Amino acid sequence: MKIKFHAIALTWAVESVVTQHLEEQLVYLRRIDDHMAVAAVVSILEDEQHHRDVGDSEGGTKNMLYAPLRWAVRLFTTTVIRFGMR
Ligand SMILES: [Fe+2]
């Protein structure tokens, strides 16, 4: 059962960063009128939002003991995305 809570907390942490990143990318892509890229990102975003919401509804954000883990995973995920954008 402990592994399940770890996985749920990790899922929420990763997906919350990914969805935020994709939403920011959508703002940029809409500004430059890249309709094909917008459509591709929208289709990905819906999946990632679903994964994030499952992580939340299954308790991934509830357990305060996992707060440091969520923080670290969010930071790591943000770093990987920023590194990938260079
Ligand atoms: Fe996902």
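What the table below lists for this structure:
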{"quantity": "Checking Ala67 against (1) farther than 19 Å from Glu23 by Cα; (2) in contact (Cβ under 8 Å) with a residue 40 or more places away in the chain; (3) not hydroxyl-bearing (Ser, Thr, Tyr), the condition it does not meet", "calculated": "(2)"}
{"quantity": "Complete set of residues in segment 29-48 that are assigned to a helix (DSSP H, G or I), more than 16 Å from the chain's Cα centre (by Cα) and among the hydrophobic types (A, V, I, L, M, F, W, C)", "calculated": "Leu29, Met36, Ala37, Val38, Ala39, Ala40"}
{"quantity": "Candidate set: segment 9-26, residues that are without any contact (Cβ under 8 Å) to a residue 24 or more places away in the chain and surrounded by 13 or more Cβ atoms within 10 Å (Cβ to Cβ); chosen: the one nearest to Thr61 (Cα to Cα)", "calculated": "Gln20"}
{"quantity": "Gly55 being surrounded by 12 or more Cβ atoms within 10 Å (Cβ to Cβ) and more than 16 Å from the ligand (Cβ to nearest atom)", "calculated": "no"}
{"quantity": "Evaluation of Leu29 against (1) surrounded by 13 or more Cβ atoms within 10 Å (Cβ to Cβ); (2) within 28 Å of Lys4 (Cβ to Cβ) (one fails), failing number", "calculated": "(2)"}
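Okay, residues lined up against (1) farther than 19 Å from Ile81 by Cβ; (2) at pLDDT below 95; (3) among the aromatic types (Phe, Trp, Tyr); (4) more than 16 Å from the ligand (Cβ to nearest atom):
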{"site": "Leu10", "(1), (2), (3), (4)": "no, yes, no, no"}
{"site": "Val17", "(1), (2), (3), (4)": "no, no, no, no"}
{"site": "Arg30", "(1), (2), (3), (4)": "yes, no, no, yes"}
{"site": "Ser43", "(1), (2), (3), (4)": "no, yes, no, no"}
{"site": "Met64", "(1), (2), (3), (4)": "yes, yes, no, yes"}
{"site": "Leu69", "(1), (2), (3), (4)": "no, yes, no, yes"}
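The values are calculated or read from the model by the stated rules, or taken from the named source; none is laboratory data. Quick caveat: nothing in here was measured; it's all calculated off a predicted structure. Heads up, the Cβs are rebuilt from the backbone with ideal geometry, glycines too, and the neighbour counts pull from every protein chain shown.
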